[in-house]
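The block underneath contains the structure these notes are about, expressed in structure tokens.
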Amino acid sequence: GTADCVRKNLSHLKEIPSEYFLILSGDQLYNMDLEKLIEFAEKQDTDLTIATIPVSREEAPRLGLIRKNDNDIIEEFAEKPKDPAILDRFATESDGKEYLASMGIYVFKRKALFSILENETGHDFGKDLIPTIQKKGEASAFIYNGYWEDIGTIASYYTANLSLTRNALGLNLYDEQ
């Protein structure tokens, strides 16, 4: 899992004199200004900031869902919930994008990242470690409303590639900025 991958590189990360670590998923396609995410994380001053995106009910069961308060503090997190009662609890709006889902993009404070990886045994951030941080009230949600596509399955990878040939997904591949 993602946490296990980062854990295996912890000795190298400890040599980097950074207060924050940005962890990006390798099975997604997106176009995000990561500086805005980091600025948000610094302003929130929580141990963990998770980039989130609004998704529909159809997409929700295959993603980590987040319920946040008005200050963007994550109050509840559920990894890939299938139970309709849990899905109902996470619903936020009714405009077709009812849920806030984790994008698998994280900003950790240095001390929090090292602590969780050295003291917890889980292999995956979403399934194992994020709930631990969230329960302490030390996680915030950054809401992103741009282009994002999870390409973690062969079908989603195929669909995203075909859509890019028509530029139907809203990702401008010719934007030099």
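The values are calculated or read from the model by the stated rules, or taken from the named source; none is laboratory data. Keep in mind it's a predicted model, so treat the numbers as computed, not measured. As a convention, Cβ positions derive from the backbone with ideal geometry for all residues, glycine included, and neighbour counts pool all protein chains shown. Side chains are part of the model used for accessible areas, which takes the heavy atoms of the whole protein and leaves out ligands, DNA and RNA. Shrake-Rupley method; radii C 1.70, N 1.55, O 1.52, S 1.80 Å.
A few comments on the model shown:
- Residue-level analysis places Q44 outside the set of residues that are closer than 24 Å to G152 by Cβ, in contact (Cβ under 8 Å) with a residue 24 or more places away in the chain, surrounded by fewer than 22 Cβ atoms within 10 Å (Cβ to Cβ) and of a type in the set (S, T, N, Q).
- I143 meets all of the listed conditions (1) surrounded by 16 or more Cβ atoms within 10 Å (Cβ to Cβ); (2) modelled with pLDDT of 90 or more but one, namely (1).
- Output for segment 110-131, where each listed residue is open to solvent by less than 40 Å² (accessible area, probe 1.4 Å) and more than 12 Å from the chain's Cα centre (by Cα): A112, L113, F114, I116, L117, G122, L129, P131
- Qualifying residue in segment 75-95 (condition: open to solvent by 40 Å² or more (accessible area, probe 1.4 Å), in contact with a Ser or Thr (Cβ under 8 Å, 6 or more places away or on another chain), at pLDDT below 90 and not acidic (D, E)): no
- Some residue of segment 14-32 being in a helix (DSSP H, G or I), surrounded by fewer than 21 Cβ atoms within 10 Å (Cβ to Cβ) and either modelled with pLDDT under 90 or on the phi < 0 side of the Ramachandran plot (or both): no
- No other residue among I53, I66 is under 14 Å from D150 (Cβ atoms) and either open to solvent by less than 30 Å² (accessible area, probe 1.4 Å) or in a loop (DSSP other than H, G, I, E, B) (or both) apart from I53.
- Selection of segment 21-57 for residues being in contact with a Leu (Cβ under 9 Å, 6 or more places away or on another chain) and of a type in the set (F, W, Y) yields F21, Y30.
- One residue alone among I86, I105, I74 is more than 22 Å from D33 (Cβ to Cβ) and of a type in the set (V, I, T), and that residue is I86.
- The numbered conditions (1) modelled with pLDDT under 90; (2) more than 20 Å from P54 (Cα to Cα); (3) among the hydroxyl-bearing types (S, T, Y) are all true for S115 except (1).
- So T2, is it β-branched (V, I, T), surrounded by 17 or more Cβ atoms within 10 Å (Cβ to Cβ), modelled with pLDDT under 95 and in contact with a helix residue (DSSP H, G or I) (Cβ under 9 Å, 6 or more places away or on another chain): yes
- On the stretch given as segment 1-45, residues that are over 26 Å from Y147 (Cβ atoms) and polar (S, T, N, Q) total 3.
- Pairs are defined by a Cβ separation below 9 Å, a sequence spacing of at least 6 or placement on different chains, a first member in segment 146-162 that is farther than 19 Å from L34 by Cβ, and a second member that is at pLDDT 85 or above and in a helix (DSSP H, G or I); the pairs so defined are G152/R62; T153/R62.
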